[in-house]
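Reading through the structure tokens given below for one structure.
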Amino acid sequence: MNRPPKKKKPHSDLVEDPRFSREELEHAATHKPAPHTEGDDRNLVEIDDAFAEADIEDRAWLFWQKNKGGVIAAIIIAVLGVVGINTWKMIQENKVVSIQQDYSAALGDPQKLLAFGTAHPDTLLGGIALLSTADGKYSAGDYTAAIDFYRQSLPALQDSVVVARARLGLGMSQIKAGDVDTGKATLSSLFESPALLGAVRAEAGLEVAQLELAAGNRDTAASLLQRVADMPNVDYWKSMADRLMRLEKIGIHAPENEG
């Protein structure tokens, strides 16, 4: 004969505690505690025990979810930086091309060349345009204007091979304008600058030597002419210096040294 199953006593395994009634103990055992409400945990990414052993792709995905705002911002900043640098380079290249075109258009027209040099005094082509203007003034006998334009050309030509040419023109213009001492100092400084173009330095040395001869300083002139004659790769100016020493009978060509 089958017996009906015994009714299971609810929560028979509860430990009796004299401080609480049985009803209170049963309620505590059958009801979960309310969720934690202190603070705002909505933005927390919960990781269960299984995710602790996740592979690199899963970890990367989790990192992206937590930090994608900052990562995107960093990428945007980097892209803008590259675009900015390339844009600046493109602008500079276009600017150089535009300046070259303007210079080419000004060639052969002294007024346009002067306008170009005045508009671009801090560029190499602008300096060359001012140098050309100064040469034109020198050829026309307007030495005061030539001095001004030679001086204006110097900053832009400072790191170029033609800076020696501008300094030579400046010194010669100063002499022609009547300021002989200043002109001689300009040419002497040029002659004593070994980094500059040798042929221009030789010409400057020869000019200073002639000024010394005119002033009666023959020994000083002889020393300068000999230095020019000893310079390499300036054959024309060496022959000029040698010829002048022979004519003046100075240096190695003086009468007491002949025999």
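The table below lists the values:
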read-out	value
Cβ-derived FRET efficiency at R0 45 Å, ASP109 paired with ASP181, nearest 0.05	0.75
Environment charge of ASP242, counting only residues whose C-beta is closer than 14 Å and scoring Lys/Arg +1, Asp/Glu -1	+2
Packing rank of 113-124, 163-174, where each peptide gets the mean count of other beta carbons within 10 Å, highest leading	163-174, 113-124
Extension gain (nm, one decimal) between ASP142 and ALA119, 0.36 nm per residue minus Cα-Cα	6.1 nm
Within segment 190-212: backbone nitrogen closer than 14 Å to the SER223 label point (7 Å, Cα to C-beta)	192, 209, 212
Isotropically averaged projected area of segment 140-237, using the convex hull of Cα atoms (one quarter of hull area), nm²	6.3
Packing rank of 147-159, 197-209, 231-243, where each peptide gets the mean count of other beta carbons within 10 Å, highest leading	197-209, 147-159, 231-243
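We did not get these values from a lab; they are worked out from the coordinates using the rules stated. Nothing here was measured: the structure is a model prediction, and the numbers come from that model. Note that each Cβ is placed from the backbone with ideal geometry, even for glycine, and that neighbours are counted across all protein chains shown.
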